[in-house]
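For reference, the structure is listed below as structure tokens.
The values are calculated or read from the model by the stated rules, or taken from the named source; none is laboratory data. Small disclaimer: the values here were computed from a predicted structure and weren't measured. Glycine also receives a Cβ, built like all others from the backbone with ideal geometry; neighbour counts cover every protein chain displayed.
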Amino acid sequence: MGGMSASRPPVVFVHSFPLDARMWSAQVEHLALHGYPCITPDLPGFGAAPLPSPDLTPSLDVYANAVARALEGHPPAVVVGLSLGGYVAFRLLARHPRLVRGVVLADTRAAADAPEVKAGRILNSSLVNRHGAGALIDKMLPMLVAPTSPQAARDRVRELGAAQRPAAISFALLAMRDRADATPLLDALDLPTMFVVGEHDAITPPAEHAAMAARVKGATLVEVPGAGHMTNLEAPERFNQALLRFLA
Ligand code: MLT
């Protein structure tokens, strides 16, 4: 704590879809107690971040570049990305590897979208444009949070999701749909790496995390009992514990 923070790497948290950096408040609070500087960018268009400029083609690289800008002037950081945040972490590793000192990939996927998922992105984009962010988050909620998780976690996910701008959500849907397969990155990854997944994650299930972890030299895998896709919000103590252990 206090004076020890000089030896602590910064930790950058990359949020999931369709939320913003406020989803990390329990982690930031906890790591601050242990002297880790935390950086919590809102991806372009989400939270307090301005919408991406209209001439930009939707791409995860727009997000990875924004995270890289947030890291300017900092020593190499440990990147913590959940779901969309994990997709962005892969692009950061591909484009700005020198900014990264370690990586925590939570409830995410290296593979590209399957064809039926790509089709679903378009349906979700038209849903959000016609009926707003509340309609989309209501549709997603049962997949995001396990039925047995605390109601407060579900309420928080809904609150953050419903607050986002439709244009930001549509941009993210297209960026996710068109993302490249990041699996080859796993084989080459030569940084301390931890995978975290909720036991009941219905979007990016535990088996996929075991397969990803098996490809990364020395990676650890933590399965969080009882949690769904939003592990850090559903089981903050477990998540924080795993994170601190990894950082140490
Ligand atoms: C997320 O939690 O970021 C999304 O579920 C990711 C996705 O839709 O692929």
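General observations
- Checking each residue in the range 196-210 for being of a type outside the set (Asp, Glu), surrounded by 15 or more Cβ atoms within 10 Å (Cβ to Cβ) and not in a strand (DSSP E or B) picks out 200, 203, 204, 205, 206, 209.
- Pairs are defined by a Cβ separation below 6 Å, a sequence spacing of at least 6 or placement on different chains, a first member in the range 159-173 that is over 16 Å from residue 61 (Cα atoms), and a second member that is surrounded by fewer than 19 Cβ atoms within 10 Å (Cβ to Cβ) and aromatic (Phe, Trp, Tyr); no pair meets this definition.
Results for (1) of a type in the set (D, E, K, R); (2) crowded, with 16+ Cβ neighbours inside 10 Å, shown as yes or no for each residue.
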{"residue": "138", "(1), (2)": "yes, no"}
{"residue": "148", "(1), (2)": "no, no"}
{"residue": "158", "(1), (2)": "yes, yes"}
{"residue": "234", "(1), (2)": "yes, yes"}
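- The listed residues are 119, 168, and the only one of them that is under 28 Å from residue 183 (Cβ atoms), more than 19 Å from the chain's Cα centre (by Cα) and of a type in the set (A, V, I, L, M, F, W, C) turns out to be 119.
- Wholly within the range 124-192, helices (runs of 4 or more DSSP H) carrying at least 1 residues that are within 16 Å of the ligand (Cβ to nearest atom) and among the aliphatic types (A, V, I, L, M): 133-144, 151-162, 166-177
- Condition check for residue 117: away from the ligand (no atom under 13 Å from the Cβ) and either modelled with pLDDT of 95 or more or farther than 20 Å from residue 246 by Cβ (or both): no
- For the criterion of being within 16 Å of the ligand (Cβ to nearest atom), crowded, with 20+ Cβ neighbours inside 10 Å, within 28 Å of residue 211 (Cβ to Cβ) and hydrophobic (A, V, I, L, M, F, W, C), residue 77 fails.
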